[in-house]
Amino acid sequence: MIEKSYSPKDIEEKWYRLWLEKGYFQAESKSSKPSYCIVIPPPNVTGSLHIGHALDATLQDILIRWKRMSGFNALWLPGTDHAGIATQNVVEKDLKKEGLDRHKLGRDEFIRRVWKWKGEYGGRIISQLKRLGASCDWSRERFTLDEGLSKAVREVFVRLYEEGLIYRGDYIINWCPRCHTALSDLEVEHEEIKGKLYHIKYPFANEKGYLTVATTRPETMLGDVAVAVNPDDERYKGIVGKVLRLPLLNREIPVIADEFVDPEFGTGAVKVTPAHDPNDFEMARRHNLPFIKIMTGDAKMSDDAGPYKGQDRFKCRENVLSDLQSLELLGDAKEHTINLGHCYRCKTVVEPYLSKQWFVKTKPLAQEAIKAVKDKRINIIPEGWENSYFDWMENIKDWCISRQIWWGHRIPVWYCQDMQSEECKNHGGIIVSIETPEKCPSCGSNKITQDEDVLDTWFSSALWPFSTLGWPAETDDLKTFYPTSVLVTGFDIIFFWVARMIMMGLKFMGDAPFRDVYIHALIRDSHGQKMSKSKGNVVDPLEIIDTYGADAFRFTLTAFAAQGRDIKFSVDRVEGYRHFINKIWNATRFILMNIKDAEEVKSVKEISCLSLADRWILNRLAGVIEEVNKALDEYRFNDAASVLYQFVWHEFCDWYLEMVKPTLARDDDNKGRSAAISTLLHILEISLRLLHPFMPFITEKLWHDIPSQRDKEADSICVQRYPKPEDSPTDRDAERKMNIIMDAIIGIRSIRGELNLPPSLELKALINTSDGTKDILNENVIYISKLAKVKDIEIGEDITKPQDAATSVRPSMQIFVPLTGLLDMDAEIKRLEKEILKIEETASQLRKKLSNREFVSKAPKEVVEENKAKYDDFIEKIHKIQENIEKLKQLRRKDG
């Protein structure tokens, strides 16, 4: 006998340990089974499980368990990302506590310290994924700095370089002064802030007068090399080609014409600072203007900033504005919204910065990646994300791949210091090699030094679907599992990662890295707000698992994972699905308690005396199996969860179990009981298999408690066959008949509920219906009596409504319940009127709130919508109660 109540912790630890010991999660490099593969989006080695990871992993685990049970050689390949900037930041903070920094340690010792940190803390998120029930093949776990992956990185870099798709050059990049490294456009987080648009007067060098320029960054004027106007701007027709004197530094700069300038912005005249603005950089190249860097890598002013040398950039801004004011060269300062970029790691304000970096030419790679989605070699689900993908790929910029940090894949480039041969001089002494060279291959000098920079973390991640399978070696894993089947990920890394994997997979494997990309929604709090530490609304998945169990948490995430719709998460919902798990537990316990020792259990397909209820639930099961498989095939996770919830809780537990209780309670040995027991176990066992991918722990535990499994000591539910529709007999006519019976029961229950008649009160019911329906109801009156708690039922074609009866109209029938002696109508009307007053008081408070313009304008949109929905619910309740009062008054008048 199973325990009276369900305790997740003990069950989860026991069964996960068994799964690992038995090797159930391990895929085969060679197999006659069809292959199915998912590579996990590798979480950062610094990370701990957050709710986004939990959703991501849950959906992947559902797919992999479903496919494994469906007869596939299913591989879920796990791993972690070395997370260059993030990991280096963590270790540097630890060093700071010791009074050290990486430069004092030196590169080799610092890298050793990072590996030591990784060994101590890097496995944290892996153990947390196991707590969630992730059925990854842990024997294949990879790390982006593994030896094999490092080899793949070098191979790709060298081949792209040799094809001219990787180059080194001066370019404006995003620079983080705190992390001292370049950032790609995707690694910059933008935030709208209120700033100022300053109007500065630039005097003419050879005549009186000035030109007014508008800028949001006055400190960068120290690096100006020109002022630009639009050639079609009539205001400035006569001044193009004239010379201005740069305020504060007195450098002479020209006025140029360029179509990029927007005449509507500011005064229509803009300063050109090519070393500190990407648009100005391009403009300077078009006009052959010089580049002047007026900042250092730590965002302090350089020698070229003149008297402002050494000042912090923001202090310099203050001083520049003050000095311009003193010279009467500062005009208006107007309010202006600025889209300010911050480092995605440390949140420092990013500087556009001229620097020598390594880049990938992405346009040639993007063309094939666009085609792959357009011709459906890759399906993006939901399809709406395709437009975002195309828009980004069609306007893609070269990818800056070098980072000025130490932790990561060091760029496989060396520089010859001697350059003694012509060949050496021709290629600038640059040596690009997969293997570490001992000397310069051109001149033989052993004076070579490796590039100090490392590659962007996303460079190695872009190779993940094939490097993890052994590429560049032609391994059995690569042959069996590439291309992978589906990538499950969030929309926030479509461009960081998904697009780059597609480009690299097509380039180096000649095929797309995956067939489907499923983009799941964002998890928000219960008010629809984005979760963040600053808001205090972050949910810790491990705390949820500790409180409610992994199964309840997983099922909650799945139930709300609708395509294209963000999830409003609340702990109350997890508690609700914990009740669902309790329902399954108690139903299983009830069934097992009702099985007698040595009682024969037959296959339902062999039983000829199945009742209508038996045939109905078996038919419904066949339909549910089909619906769940179809929903999972189409990545409609929430629909699959909903179908299972409705079937198990309502149809199986609330309806069928209640219908067969009288049969089970009979002591005599009868065929009806045998059929019911066989049907119950058939439904339970298949339901557990259907539920297993969603809630693996409780289904494993309960499956082993079913006599047929317990007796033969079956291995595990996770390697059993996933149900198919043909596993359960179908009987459409039984479903049609049972729907009629259920309509009658629901009709009687609705009268009981509307009139607040206690469940213990047995009613009389009269049902007026037609011939076919009448026969079905009469043949199955036992179900109506039991489930509607009716002691006396009259069913016929010519039944008229008694004067004192309440009515319920259902398809193909009218139901009357006489109320004489059952209800004090005056007392019930008074009770309902009091209830209306309570609801109206609450609704009135909400109405005042929603009438407050300040609340509606300032409160988050989601909160306003939630309050409107509550108000509408209260109004609907009031209308419903008023309808019930009116019904009672009508009955009272007729009775009188």
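Quick look at the values:
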| item | result |
| --- | --- |
| Apportionment of accessible area to carbon and sulfur, the chain, percent (1.4 Å) | 47 percent |
| Solvent-accessible area of Phe204 with every protein chain in place, 1.4 Å probe, in Å² to the nearest 10 | 30 Å² |
| Reach of Lys242 by Cα under 18 Å, taken over lysines that are not fewer than 8 positions away in the same chain | Lys201, Lys208, Lys271 |
| Unsatisfied cross-links (Cα-Cα over 22 Å) in the set Lys14/Lys67; Lys14/Lys596; Lys661/Lys737 | Lys14/Lys67; Lys14/Lys596 |
| Between 0 and 90°, nearest 10: helix 732-754 axis offset from the chain longest Cα axis | 90 degrees |
| Under 5 Å, built H, 5+ apart or other chain: amide partners of Ile523 | Ile567 |
| 5 Å binning of all Cα-Cα separations within segment 26-166, expressed as whole percents from 0 upward | 2, 9, 15, 16, 15, 14, 12, 9, 5, 2, 1, 0 |
| Under-5 Å amide H pairs with His336, H placed in peptide plane, nonlocal only | Gly195, Lys196, Leu197 |
| Accessible area of Lys861 in the full protein assembly, 1.4 Å probe (Å², nearest 10) | 150 Å² |
| Per-residue ³J(HN,Hα) for segment 769-785, Karplus 6.51 cos²θ - 1.76 cosθ + 1.60, θ = phi - 60°, Hz, x for Gly and Pro | 8, 8, 3, x, 5, 4, 5, 4, 5, 5, 5, 10, 4, 4, 5, 5, 4 |
| Inter-label distance, nm, simple model (7 Å from Cα along the C-beta direction), Glu876/Tyr167 | 6.2 nm |
| Gain on full stretching of the segment that runs from Glu234 to Lys630 - 0.36 nm per residue minus C-alpha separation | 136.1 nm |
| Amide H contacts under 5 Å for Asp398, placed H, 5+ residues apart | Thr362 |
| Cα gyration tensor category, rounded, prolate or oblate, for segment 176-352 with a/c compared to 1.5 | prolate |
| J(HN,Hα) series, segment 69-83, from Karplus relation 6.51 cos²θ - 1.76 cosθ + 1.60, nearest Hz, glycine and proline x | 6, 8, x, 8, 7, 9, 10, 10, 8, x, x, 10, 9, 5, 6 |
| Hydrodynamic radius by Kirkwood, which averages 1/r over all alpha carbon pairs of segment 544-684, in angstrom | 16.7 Å |
| HN-Hα J in Hz across segment 674-685 - Karplus 6.51, -1.76, 1.60, θ = phi - 60°, x for Gly and Pro | 4, 5, 5, 4, 4, 5, 4, 5, 4, 5, 4, 4 |
| Leading residue at positive end of dipole, the chain (Cβ point charges), from Leu657, Gly99, Ser808 | Gly99 |
| On Cα atoms only, tilt of 8-22 relative to the major axis of the chain in degrees | 70 degrees |
| Sequence of Tyr198, Tyr722, Tyr121 from largest to smallest accessible area, 1.4 Å probe | Tyr121, Tyr198, Tyr722 |
| Accessible-area value, Glu835, 1.4 Å probe, nucleic acids and ligands omitted, Å² | 70 Å² |
| Glu599, Glu794, reordered so the largest accessible area comes first (probe 1.4 Å) | Glu794, Glu599 |
| Spin-label pair Arg847/Phe390, simplified geometry with 7 Å Cα→Cβ offset, distance in nm | 5.0 nm |
| Under 11 Å, Cβ to Cβ, from Glu735 - net charge with Lys/Arg +1 and Asp/Glu -1 | +2 |
| Between 0 and 90°, nearest 10: helix 696-705 axis offset from the chain longest Cα axis | 30 degrees |
| Residue-averaged 222 nm ellipticity for the chain, from DSSP H runs of 4+ at -39500 (n - 2.57), nearest 500 | -14000 deg cm²/dmol |
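The values are calculated or read from the model by the stated rules, or taken from the named source; none is laboratory data. All of these numbers come straight from a predicted model, not from anything done at the bench. All Cβ positions, glycine included, derive from the backbone under ideal geometry; neighbour counts span all protein chains shown. Accessible surface is based on the protein model in full, side chains and every heavy atom, while ligands, DNA and RNA are left aside. Shrake-Rupley method; radii C 1.70, N 1.55, O 1.52, S 1.80 Å.
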